[in-house]
Structure formats: C-alpha cells, structure tokens
Amino acid sequence: IAQLKGIAQVGDEMHIGAMTTEAEILRSPLLASKLPLLVEGAGWISDPQVRARGTIGGDIAHVDPGNDHPALMLALGASFVLSGPKGERIVKADGFFQGLYATALAADEILTQIRLPIPAAGSGWSYSKLKRKTGDFATAATAVLLQMTGGPSGTVAKASIALTNVAATALKATAAEAALAGKALDDAALKEAARLAMSVCAPTEDQRGDAAYKTAMCGEM
C-alpha cells in the first residue's frame with residue numbers, strides 16, 4: 001500500500017508512513033539530518049534481513065516490551081495517526097503504550113503514520129542498548145534526547161529519557177528528566193538521574209537476567 005510508506009518533512013515535523021521499513025529509515029539522509037536518534041535506534045534493531053522487511057509501524061503497534069521503537073517514540077515526543085471506519089485520530093506516544101502488547105489502537109483501527117517533532121538545533125541524543133548477541137532484543141536500553149543551555153559545558157535545558165524492556169511496556173523516566181533540568185552534566189547529576197530511572201523499573205525475569213540485573217543495566221545504559 002504505497003500511501004502507507006514514505007518519509008517527508010511537513011513544517012517542523014517529520015512524517016513517516018507506518019509501512020516504511022527499518023532499512024529505509026537507515027538509508028534516509030533527511031532522517032539522518034533531522035532525527036538522528038531515530039536512525040541510531042533503527043540500527044540496533046535485529047539484523048539486516050529483519051530490517052529489510054520489518055516496518056516502523058509494525059514494531060510500534062506490536063509493542064513488545066523489548067522492541068526498540070516504543071522508547072524511541074517516547075523520547076522523541078511522537079504522535080501516531082490511527083485510522084478506521086470512523087475516520088482518523090491522533091494519539092501521543094505517551095499514552096499510546098498501555099501495557100504488555102496493549103496499545104490505544106481500537107479493534108477496527110490501524111496505525112497509518114508516525115509524526116515526530118524535529119528537535120532543536122544542537123540537541124544531543126543516544127540510544128544505548130545492552131543485548132546478548134546480534135539480532136537479540138534488549139536486556140535493557142535507554143533513549144535520550146538532550147538540549148543544553150550555554151553549550152556542552154552549560155546546564156540542561158531539557159532532557160527526554162525513555163526505557164526499553166524494564167517493564168511491561170516502554171517507560172518515560174520523568175523523575176530523572178526533571179532532576180537533570182537546570183543542572184550541569186556532572187557525575188553527581190548523572191548518578192542521580194540513573195538512580196531515578198532505575199526506581200521506576202519493574203522488569204520480568206527471563207533468560208536475559210533477573211530483575212535486579214536488568215534494573216542495574218538500565219542505569220548503566
């Protein structure tokens with residue numbers, strides 16, 4: 001369905017069709033310049049064969065807690081266009097992910113488009129992911145978008161932090177974000193932000209580790 005694919009800048013947003021593949025995201029010069037955090041995160045997804053076929057919309061709508069896109073969407077402040085027989089509605093990522101494999105999608109709706117605000121010039125970003133081997137889901141991962149006042153040696157103007165695979169769904173680390181605001185990025189501030197991020201973790205024990213290990217690795221990421 002051609003209308004469900006594509007990458008375009010519309011005003012101060014990037015619009016991505018839900019059936020755009022991870023490989024297409026990785027190859028997009030426009031996304032590399034406007035949303036480098038998304039491109040970096042897509043590069044961590046599985047392996048080249050999966051990225052050639054897997055789509056951003058499928059990843060988001062499936063909402064496996066180990067999927068990479070939900071946390072990326074939370075960190076980037078995304079909104080989703082949901083379409084059905086009653087028309088279209090737009091739902092923010094913070095509210096779309098409701099639990100284990102549960103989203104705000106109604107039974108008669110599909111996700112058709114992802115809309116992402118373009119971060120301010122000079123924003124920093126990182127998607128840090130611990131996994132056991134190539135192609136694996138995250139043991140724990142964090143997506144961070146950061147804006148500074150006064151350059152790299154200044155203070156944090158705004159931080160957006162989201163966590164992968166340390167709860168039933170991706171989490172926004174709001175207390176950690178608030179703790180960094182107005183602070184310099186010194187060891188004490190980073191340690192406290194990591195502590196606050198770990199405090200909201202509630203991972204399930206599995207072959208990747210027990211709850212304490214996954215929580216600790218979230219702090220490391």
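Data table
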| item | result |
| --- | --- |
| Length released on extending from Asp206 to Ile1, taking residue separation times 0.36 nm less the Cα-Cα span | 70.0 nm |
| Sorted largest first, extent of the stretch 84-134 alpha carbons per principal axis (Å) | 39, 34, 19 |
| Estimated distance in nm for a label pair at Arg132 and Asp94, the labels positioned 7 Å out from Cα along Cα-to-Cβ | 3.4 |
| Convex hull volume per residue for the chain, taking Cα atoms only, in Å³ | 120 |
| The stretch 1-145 - percent of accessible surface contributed by carbon and sulfur, probe 1.4 Å | 56 |
| Rounded tilt (10° steps) of 187-199 against the dominant C-alpha axis of the chain | 50 |
| Violating pairs (Cα-Cα greater than 27 angstrom) within the set Lys129/Lys172; Lys34/Lys133; Lys86/Lys172; Lys5/Lys158; Lys5/Lys92; Lys5/Lys133 | Lys34/Lys133; Lys86/Lys172; Lys5/Lys158; Lys5/Lys133 |
| Under DSSP loop assignment and at most 12 Cβ neighbours within 10 Å, longest trypsin sites (Lys or Arg not before Pro)-free interval of the chain | 134-221 |
| Dipole of the chain, positive direction: furthest Cα of Met73, Ala140, Thr204, with charges on the beta-carbon | Met73 |
| Tilt relative to the chain, helix 211-220 - C-alpha long axis, 0 to 90 degrees, to 10 | 80 |
| About the Cα centre, charge dipole magnitude for the chain (Lys/Arg +1, Asp/Glu -1 at Cβ), debye | 180 |
| Dipole magnitude (debye, nearest 20) for the stretch 92-221, charges at Cβ of Lys, Arg, Asp, Glu | 240 |
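The values are calculated or read from the model by the stated rules, or taken from the named source; none is laboratory data. No experiment lies behind these values; they were computed from the predicted model shown. Positions of Cβ are generated from backbone atoms using ideal geometry, with glycine treated the same way; all protein chains shown enter the neighbour counts. For accessibility, only protein heavy atoms count, side chains too; no ligands or nucleic acids. Shrake-Rupley method; radii C 1.70, N 1.55, O 1.52, S 1.80 Å.
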